[in-house]
Amino acid sequence: RHDFVGWDDGMLVYNNPAVQQITPTSVKWVFTHFDPELYIPLTFLTYQFDYAVGGGSALPFHLGNIILHTLNALLAAWALYSLSGKRWLALACGAVFLLHPLNTEAVDWVSARKDTLSTFFFLASLLLYLRWRDNPWPKTMFWSVACFALALMAKVMVVTLPVILIGLDLAQGRKLSWQLIKEKVWYLAL
C-alpha cells in the first residue's frame, strides 16, 4: 500500500509522459533519452509495462521491485553456491541479501528499479558465464552476453562485470592469458 516516493519517482515514473503509454513514439523516446543522467531504456520499458497494468497505482511498480529483489536473492545464493559448493553458506548469504535493510531503497523506491533490474541480469550473466566455463557451449556464452547487455540497459554500473569475471577466473586458478581476456571480448565490446 506504499505510495510513490517524492524524490525521483515523479520525474522518472508518474509524471513522465513516456512511461504513461506504450507507443512507437514512447518506445523510441525510451531508447534515445537519458533519465537525466543515466541511459536506462530497459528500466523505462518495465515502467511502461507496470503503468499499463496498474495505471497510476504504485502497487504494480512495488510488486515488480519485490519480485526482482526476491529473484536477486535467489540468484545471489545460487552464484555463491556455484562458486563455493557450500549450500548453507549460500542460503545464509541469500537470506542476508534478501532481508538486509541496506536493500530497502531498492525495493521501496520505485525509481530504484534500475538497481533491482540490473542486478538480476548481472547475476544471470555471471551464472551463465560460470556454466559456460564448465561446459563451453556457444549458446550459453551468447545468453550470458545478452544478459549483460540487458543489465547495461537497466543501469550502466554493471560495466564492471568483465573485470569481475576475470577476477573470478584468476581466483579459481586460471592463469592470466590472452585466451582468458579473449573470452571476455563480447563483454568488453558492450
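The values are calculated or read from the model by the stated rules, or taken from the named source; none is laboratory data. A quick note: this is a predicted structure, and the numbers were derived from the prediction, not measured. Here Cβ is always computed from backbone atoms with ideal geometry, including for glycine, and neighbour counts include all displayed protein chains. Heads up: the accessible areas ignore ligands, DNA and RNA and are worked out on the full protein's heavy atoms, side chains in. Shrake-Rupley method; radii C 1.70, N 1.55, O 1.52, S 1.80 Å.
Before moving on, here are some points about what is shown:
- Counted as qualifying within the stretch 107-190 are the helices (runs of 4 or more DSSP H) with 2 or more residues that are within 25 Å of Gly94 (Cα to Cα) and at pLDDT 95 or above, namely 113-134, 138-154, 161-171.
- All positions within the stretch 59-78 that are within 25 Å of Arg1 (Cβ to Cβ) and either under 14 Å from the mean Cα position of the chain (by Cα) or buried (at least 19 other Cβ atoms within 10 Å of the Cβ) (or both): Phe61, His62, Gly64, Asn65, Ile66, Ile67, Leu68, His69, Thr70, Leu71, Asn72, Ala73
- Total residues in the stretch 143-190, condition small (Gly, Ala, Ser), farther than 27 Å from Leu45 by Cβ and open to solvent by less than 40 Å² (accessible area, probe 1.4 Å): 1
- Pairs, first farther than 19 Å from Thr32 by Cβ in the stretch 4-20, second of a type in the set (D, E, K, R) and open to solvent by 30 Å² or more (accessible area, probe 1.4 Å), C-beta under 8 Å, six or more apart: Val5/Asp108
- Within the stretch 23-44, the set of residues being without any contact (Cβ under 8 Å) to a residue 40 or more places away in the chain and farther than 17 Å from Val110 by Cβ comprises Thr23, Pro24, Thr25, Ser26, Val27, Lys28, Trp29, Phe31, Thr32, His33, Phe34, Glu37.
- Taking the listed residues Thr140, Thr116, the one that is among the β-branched types (Val, Ile, Thr), touching a residue at least 12 places away in the same chain (Cβ under 8 Å) and buried (at least 22 other Cβ atoms within 10 Å of the Cβ) is Thr116, with no other qualifying.
- Contact map, the stretch 94-106: residues that are within 19 Å of Lys155 (Cβ to Cβ) paired with residues that are open to solvent by less than 80 Å² (accessible area, probe 1.4 Å), Cβ distance under 6 Å, separation 6+ or inter-chain. Pairs shown: Phe97/Ala73; Phe97/Ala76; Glu105/Ala112; Ala106/Ala112; Ala106/Asp115; Ala106/Thr116.
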